[in-house]
1. Go over the candidates 74, 69 one by one and state the one that is part of a helix (DSSP H, G or I), assigned by TED's automatic domain parsing to the domain that holds residue 33 and without any contact (Cβ under 8 Å) to a residue 24 or more places away in the chain.
2. When you go through 15, 85 one by one, which is the residue that is touching a residue at least 24 places away in the same chain (Cβ under 8 Å), in the same structural domain as residue 133 (by TED's automatic domain parsing) and not in a strand (DSSP E or B)?
3. Quick check on residue 130: is it without any contact (Cβ under 8 Å) to a residue 12 or more places away in the chain and either among the charged types (D, E, K, R) or closer than 30 Å to residue 91 by Cα (or both)?
4. Please state which one of 139, 119, 165, 188 is closer than 30 Å to residue 96 by Cβ and in contact with a Phe, Trp or Tyr (Cβ under 7 Å, 6 or more places away or on another chain).
5. Of everything in the stretch 111-126 that's touching a residue at least 24 places away in the same chain (Cβ under 8 Å) and surrounded by fewer than 17 Cβ atoms within 10 Å (Cβ to Cβ), which residue is nearest to residue 65 (Cα to Cα)?
6. Only one of these is touching a Gly at 6+ places or on another chain (Cβ under 7 Å) and either surrounded by fewer than 21 Cβ atoms within 10 Å (Cβ to Cβ) or not β-branched (Val, Ile, Thr) (or both): 69, 89. Name it.
7. Right, residue 166: loosely packed, with under 14 Cβ neighbours inside 10 Å, in contact with a strand residue (DSSP E or B) (Cβ under 8 Å, 6 or more places away or on another chain) and either without any contact (Cβ under 8 Å) to a residue 40 or more places away in the chain or assigned by TED's automatic domain parsing to the domain that holds residue 35 (or both) or not?
8. Considering each of 131, 173, 123, 181 in turn, give the residue that is assigned by TED's automatic domain parsing to the domain that holds residue 41 and in a loop (DSSP other than H, G, I, E, B).
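The values are calculated or read from the model by the stated rules, or taken from the named source; none is laboratory data. Owing to the predicted nature of the structure, the values given are computational and were not obtained by experimental measurement. When we count neighbours, we look across all protein chains shown, and the Cβ atoms used for this are built from the backbone with ideal geometry, even at glycine.
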Amino acid sequence: MQNQLKDYIPQGAIPQVIKLLEHDNLTVKIKNERKTRHGDYKQLPNGKHQITINSNLNAYRFLITLLHEIAHFEAYNTHGRFIKPHGLEWKRSFQHLMLPFLNPDIFPNDLLPLLANHFKNPKASSDTDVKLALALKQFDAPNNKTYVFEVPLGQAFKLYNGKIFKKGNKRVKRYECVELKTGKLYLFNPNAEVELLN
């Protein structure tokens with residue numbers, strides 16, 4: 001598994017990641033793209049632990065996601081299973097795991113200040129940190145997607161699931177968008193990826 005991971009993470013991170021994964025009862029599986037998550041962690045019925053990560057992530061997002069999931073494993077091992085999934089125990093584990101990786105041998109210089117700021121109080125998903133998500137996006141393979149914040153007011157757009165929306169006004173942080181088929185109002189993160197419709 002460690003050899004397979006080398007193709008997905010920055011070269012400078014490989015030795016540290018291999019050390020973190022030196023657990024007999026922890027496996028990492030690389031999965032095809034899932035739209036609703038970058039990765040996940042779970043304890044299996046046999047007592048072993050499994051992390052899955054999407055194969056389509058760029059190297060920096062893959063590493064952040066991998067450390068996010070290892071933090072779940074570490075928090076579980078240290079504090080037991082009755083903790084909040086993204087509570088204080090997980091946040092502290094994630095911060096502790098991430099610190100040695102925050103250096104220019106692993107991440108580009110323009111990402112480091114954004115990562116340092118994010119890890120003052122890490123969230124359940126790095127996607128909710130709009131500045132960090134945008135900065136990470138520049139390392140993705142090109143695609144025909146547009147961010148919601150780039151969609152003109154009143155313009156229609158489509159989600160990955162085929163649902164069509166019309167962009168409305170911005171509230172404090174999110175955009176009001178109406179699903180055209182049902183008339184229901186939804187709130188979208190500015191950095192949600194969508195497909196523009198003509």
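1. Just a single option satisfies the conditions, and that option is 74.
2. Residue meeting the stated conditions: 85.
3. Considered against the rule, which asks whether it is without any contact (Cβ under 8 Å) to a residue 12 or more places away in the chain and either among the charged types (D, E, K, R) or closer than 30 Å to residue 91 by Cα (or both), residue 130 comes out as no.
4. Numbers: 119 fails: in contact with a Phe, Trp or Tyr (Cβ under 7 Å, 6 or more places away or on another chain); 165 fails: closer than 30 Å to residue 96 by Cβ; 188 fails: closer than 30 Å to residue 96 by Cβ.
Every option except 139 fails the conditions.
5. Filtering first and then ranking leaves 125.
6. Among 69, 89, only 69 is touching a Gly at 6+ places or on another chain (Cβ under 7 Å) and either surrounded by fewer than 21 Cβ atoms within 10 Å (Cβ to Cβ) or not β-branched (Val, Ile, Thr) (or both).
7. So residue 166 fails the test.
8. On the way: 131 fails: in a loop (DSSP other than H, G, I, E, B); 173 fails: assigned by TED's automatic domain parsing to the domain that holds residue 41; 181 fails: assigned by TED's automatic domain parsing to the domain that holds residue 41.
The match here is 123.
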